[in-house]
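Asker: Take a look at the following structure, please.
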Amino acid sequence: MGEFIAVILITILAVVSPGADFAIVTKNSYLYGRRIGVLTSLGISLGVLIHVTYTLIAVAFVMAYTPQILNIVKYIGAIYLIYIGYKTFVQSPVVETSSTAAINPFQAVKYGFFTNALNPKTTLFVISTYTQIISVSTPKAILVGYGLFMSFAHFLWFGLVALLFSSIVLRQKMLAKQVQINRVIGTVLCLLGIALLFAKFQ
């Protein structure tokens, strides 16, 4: 029971902490609407499953080579964040009546998926949870269950974020200021990417 509670608490804290996932869901939700925001959240939850899968399949290998794995993910993730940050910063204003055509469902899932899958902080969160908190005697079915819970928690939280920022009143206000908001979000994403380049995960 103690292990279960620890996993829940750590997952909640990890999910609600602001970062690239929050930024991309906020952007897609207010610019393109609720459906795109929720699909971006789905992509994030699928990205979490990637981290869970490789950790469960090769936990010994992952632990032995964690620094190298984190460094690889760090540089790829940093470049990706800087890229989408730049694209967000220079994005042309979206006309509300045509916003649904500006991004398709696959792109929404893709943005969410890669933002999370290439996030070394999520890598570290999953690896740390499975190796530092969960007992080696925990049944495989429970381990899989923890992973599914982590994924669902991400989807639930960012789905709520999508609902908030796609609400009609808030969305209209944000669309009216979208150039400034996109520049703020773009700057945040770029800064997160730059911070990753100099971050050390030991």
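Asker: What number of residues in segment 154-191 are open to solvent by 30 Å² or more (accessible area, probe 1.4 Å) and outside any helix (DSSP H, G or I)?
Answerer: Summing the residues that are open to solvent by 30 Å² or more (accessible area, probe 1.4 Å) and outside any helix (DSSP H, G or I) in segment 154-191 gives 2.
Asker: Mind checking whether some residue in segment 66-80 is modelled with pLDDT under 85, open to solvent by 40 Å² or more (accessible area, probe 1.4 Å) and small (Gly, Ala, Ser)?
Answerer: No, the conditions are met nowhere in segment 66-80.
Asker: Are there any pairs with C-beta distances below 9 angstrom linking a residue in segment 12-39 that is over 17 Å from TYR83 (Cα atoms) to a residue that is among the acidic types (Asp, Glu) and open to solvent by 10 Å² or more (accessible area, probe 1.4 Å), with the two at least 6 apart or on different chains, and if so which?
Answerer: Note: pairs meeting the criteria are VAL15/ASP21.
Asker: Give me the helices (runs of 4 or more DSSP H) completely within segment 1-62, filtered to those with at least 3 residues that are in contact with a Gly (Cβ under 9 Å, 6 or more places away or on another chain) and open to solvent by less than 10 Å² (accessible area, probe 1.4 Å), ordered by residue number.
Answerer: Details: elements: 2-16, 20-32, 34-57.
Once the helices (runs of 4 or more DSSP H) in segment 1-62 are filtered for at least 3 residues that are in contact with a Gly (Cβ under 9 Å, 6 or more places away or on another chain) and open to solvent by less than 10 Å² (accessible area, probe 1.4 Å), what remains is 20-32, 34-57.
Asker: Report the residue count in segment 125-147 for those that are surrounded by 14 or more Cβ atoms within 10 Å (Cβ to Cβ), not aliphatic (A, V, I, L, M) and not in a helix (DSSP H, G or I).
Answerer: Residues flagged as surrounded by 14 or more Cβ atoms within 10 Å (Cβ to Cβ), not aliphatic (A, V, I, L, M) and not in a helix (DSSP H, G or I) within segment 125-147 amount to 1.
Asker: All but one of (1) crowded, with 17+ Cβ neighbours inside 10 Å; (2) among the basic types (Lys, Arg); (3) at pLDDT 85 or above hold for LYS121; state the number of the condition that does not hold.
Answerer: Unmet condition: (3).
The values are calculated or read from the model by the stated rules, or taken from the named source; none is laboratory data. Here the structure is a predicted model, which is why all the values come from computation and not from measurement. Backbone-built Cβ (ideal geometry, glycine too); neighbour counts: all protein chains shown. Just the protein is used for accessible areas: all its heavy atoms, side chains included, with ligands, DNA and RNA removed. Shrake-Rupley method; radii C 1.70, N 1.55, O 1.52, S 1.80 Å.
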